[in-house]
Amino acid sequence: MAGTTVAAMRVAMAQISSTDDPGENLETLRAATQDAASRGARLVVFPEATMCRFGVPLKPVAEDLNGPWASAVSEVAASAGVTVVAGMFTPSDDGRVFNTVLVAHPDGSRQGYDKLHLYDAFGFRESKTVAAGSEPLTFEVDGVTVGVATCYDIRFPALFTNLARRGAQIVVVPTSWGAGPGKIQQWQVLATARALDSTTFVVAVGQALPPDEAVAASGAPTGIGHSQITDPFGTVVAAYPETVGVDVHDLDLDLVEKARKQLAVLANERELPAGGAVPSKVAPTGERLRESDDRGRNP
């Protein structure tokens, strides 16, 4: 695993509510980044779809990573001297868009992660307009490796363990979670479970519940708030309500090494065989039943 040059990192969660106007959302990002940087944040994490909320056509707003919106985010990051993570949309060759997480570094460089797992669930078909990505992404802040996942990715533990094996000590999860019965509880459980799976800090930053009731009730995954940071032992160290808010949090990175020694799930994990064959040490069903019956007669 990659080492770290610092024992702690101050991270900001910017739980905003994006509109359908990328210019307006850029100004929201600018103000929140400046606020977080003034309080010592080194990494500022915004939600999925920061550029433009879901529920409207995305192709007209999609831009390349060298386009004006991403370039402006880079200027914000450079001016504030921090790394900014924010969800946007970039063009795909097949006429759809990629659901992209932009990573804007203070030196002006930019990286992008295209969401791997598309939200074709709960009656929503993200794949109709969004193309799937193909590669995980990690980046560094002050020598600390940070992994990236997006929203629905949080239901897939293998991505998080993969990022941990690439050296990630923190995994950021920009999100625009869909509303519905039990969805808040699922979100909270999943964010905690992925931290335990990967023994990383999971910084899961969601869109706030939209103040416009019509947008919130549209059926699109426009956000429910409840951003959360979970440490590698599964302890929730920060949890937000549903409303807009920006705050900073100090992550004790020594906990990652401690968890990987005491809760050694990465070291103990074994590769499983492909499904289909009956393992040689498992008796046929009938034998198991007879054995069980014998035990019942002869306690």
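The values are calculated or read from the model by the stated rules, or taken from the named source; none is laboratory data. Only a predicted model underlies this, so the values are computations on that prediction, with no experimental measurement involved. Neighbour counts are summed over all protein chains in view; Cβ atoms, including those assigned to glycine, are modelled from backbone coordinates with ideal geometry. Each accessible area value is taken on the protein alone, full model and side chains, heavy atoms only, with ligands, DNA and RNA left out. Shrake-Rupley method; radii C 1.70, N 1.55, O 1.52, S 1.80 Å.
Cα convex hull, the range 92-196: 108 Å³ per residue, rounded to a whole number. Between the residues Thr222, Phe122, Leu266, the greatest Cα displacement towards the positive end of the dipole of the range 8-268, with unit charges on the Cβ of Lys, Arg, Asp and Glu, is found for Leu266.
Only the Cβ atoms of Lys and Arg (+1) and of Asp and Glu (-1) were treated as charged; on that basis the dipole of the chain about its Cα centre amounts to roughly 980 debye. Taking the charge dipole of the chain about its Cα centre, with +1 at Lys and Arg Cβ atoms and -1 at Asp and Glu Cβ atoms, the residue from Gly180, Gln207, Val248 reaching farthest to the positive side is Gly180. Using a probe radius of 1.4 angstrom, the carbon and sulfur fraction of the accessible surface of the chain is 52%. When the inverse distances between all different Cα atoms of the chain are averaged and flipped, the Kirkwood radius reads 20.0 angstrom. Considering only beta bridges that DSSP places wholly inside the chain, some 65 percent are antiparallel. For the range 24-33, putting each phi into the Karplus relation 6.51 cos²θ - 1.76 cosθ + 1.60 with θ = phi - 60° gives couplings of 5, 5, 4, 5, 4, 4, 4, 5, 5, 5 Hz, in residue order, rounded to whole numbers and with x for Gly and Pro. The residues of the range 8-268 present an accessible area of 38 Å² per residue when probed at 1.4 Å with all protein chains retained. Only helices enter this figure: runs of n ≥ 4 DSSP H residues, each worth -39500 (n - 2.57), summed and divided by the residues of the chain, yield -8500 deg cm²/dmol at 222 nm to the nearest 500. Near Thr145, once Lys and Arg are set to +1 and Asp and Glu to -1 for all other residues with Cβ below 14 Å from its Cβ, the sum equals +1. Counting heavy atoms of the protein chains alone, Lys261 has an accessible area of about 150 Å² for a 1.4 Å probe.
Just Arg125, Arg270, Arg42 to compare: in a GNM of the chain, with alpha carbon springs under 10 Å, which one fluctuates most? Of Arg125, Arg270, Arg42, the Gaussian network model singles out Arg270 as fluctuating most. Here the simple spin-label model places points 7 Å from the Cα toward Cβ, and for Ala132 and Leu266 these points are separated by 2.5 nm.
Can you give the net charge of the other residues whose Cβ lies under 10 Å from the Cβ of Lys115, counting K and R as +1 and D and E as -1? Residues close to Lys115 contribute a combined charge of -4. Of all aspartates and glutamates in the structure, those lying under 17 Å Cα to Cα from Lys115, and not within fewer than 8 positions of it along the same chain, are Glu48, Glu63, Asp64, Asp93, Asp94, Glu126, Glu135, Asp153. Think of each Lys and Arg Cβ as +1 and each Asp and Glu Cβ as -1; about the Cα centre, that makes the dipole of the range 80-171 roughly 240 debye. Beta bridges from DSSP with both residues in the range 39-184: antiparallel share about 70 percent, rounded to the nearest 5.
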